[in-house]
1. Calculated FRET efficiency, Phe14 and Ile167, Cβ-Cβ r, R0 35 Å, to nearest 0.05?
2. In degrees between 0 and 90, to the nearest 10, how far off the longest principal axis of the chain does helix 137-174 point, with axes built from Cα atoms?
3. Could you compute the longest span of the chain free of chymotrypsin sites (Phe, Trp or Tyr not before Pro) located in DSSP loops and having at most 14 other Cβ atoms within 10 Å, not counting the site residues?
4. For the chain, what is the accessible area per residue in Å² when the probe is 1.4 Å?
5. Full-extension gain between Val93 and Arg31, please, as 0.36 nm times their residue separation minus the C-alpha to C-alpha distance.
6. Could you run the Karplus curve 6.51 cos²θ - 1.76 cosθ + 1.60 with θ = phi - 60° over the stretch 19-32 and give me ³J(HN,Hα) per residue in whole Hz, x for Gly and Pro?
7. Given Ser81, Gln156, Leu52, which one lies farthest toward the positive end of the charge dipole of the chain, if we put +1 on the Cβ of every Lys and Arg and -1 on the Cβ of every Asp and Glu?
8. For the chain, give the percent of accessible area contributed by carbon and sulfur heavy atoms, probe 1.4 Å, rounded to a whole number.
Amino acid sequence: MNYTIKEFIESNKFPKMQLISDHFGINRVIRGVQILSVPNMEKFLGGGGKLLLTSLVVYENQLNERIVLSHLEELNKKQVSGLIIAEDNEKFVPNILTQYEYIRQKRENIEYIKKINILDQCVFYLVITEVNEPLIELDFITLENVIIKLLYILTQVVTEKILKENIIEIWNIEC
């Protein structure tokens with residue numbers, strides 16, 4: 001049995017969800033769901049028929065109409081069935097002296113997301129979820145220390161990876 005975008009919207013499982021396009025494509029079949037939150041996400045999509053879920057957090061206010069239309073065109077070329085964008089994100093700075101800012105999003109539980117960029121080569125996302133009780137200032141102080149250690153370890157790993165790739169290139173040139 002095929003499940004379409006129209007049936008998904010009519011199911012009312014997400015009452016705040018709104019259709020923001022015309023009804024062209026409303027009968028597209030959903031063959032799977034993919035959650036992505038990376039720049040140029042259309043490059044990472046598998047086959048067509050996916051319902052793509054994203055928060056666009058990775059763009060950090062860099063989106064304009066031209067960029068959005070360009071991404072939508074690429075998603076259409078990949079035959080994405082639908083696109084759901086979460087809007088419940090906000091910047092969050094803990095009530096402590098800190099060098100880090102988080103993205104706070106509310107899903108089943110509240111999540112704090114910290115983007116970690118290592119040498120402009122790799123991007124990681126640290127996600128901290130409130131499960132039993134809300135995070136307090138002491139938790140964020142601890143997180144600050146954890147992030148510093150993560151940065152150190154990840155920088156070593158990425159540097160090692162870069163060195164290995166460069167050594168392989170050097171060997172290939174000399175052969």
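The values are calculated or read from the model by the stated rules, or taken from the named source; none is laboratory data. All figures in this text were calculated on a predicted structure; none of them were measured in a lab. All Cβ positions, glycine included, derive from the backbone under ideal geometry; neighbour counts span all protein chains shown. Heads up: the accessible areas ignore ligands, DNA and RNA and are worked out on the full protein's heavy atoms, side chains in. Shrake-Rupley method; radii C 1.70, N 1.55, O 1.52, S 1.80 Å.
1. Numbers: r = 50 Å, r/R0 = 1.42.
About 0.10, to the nearest 0.05.
2. 80
3. Working: sites that count: Tyr3, Phe24.
Counting at most 14 other Cβ atoms within 10 Å as exposed, the longest clean stretch of the chain is 25-175.
4. Details: 12770 Å² over 175 residues.
Normalised by residue count, the accessible surface of the chain is 73 Å².
5. On the way: separation 62, 0.36 × 62 = 22.32 nm, distance 3.90 nm.
Separation in residues times 0.36 nm, less the Cα-Cα distance, equals 18.4 nm.
6. Result, rounded to whole Hz: 7, 10, 10, 6, 8, 5, x, 5, 9, 5, 7, 8, 9, x.
7. Ser81
8. Details: 7050 of 12770 Å².
Looking at the chain in its full context, I get 55 percent from C and S.
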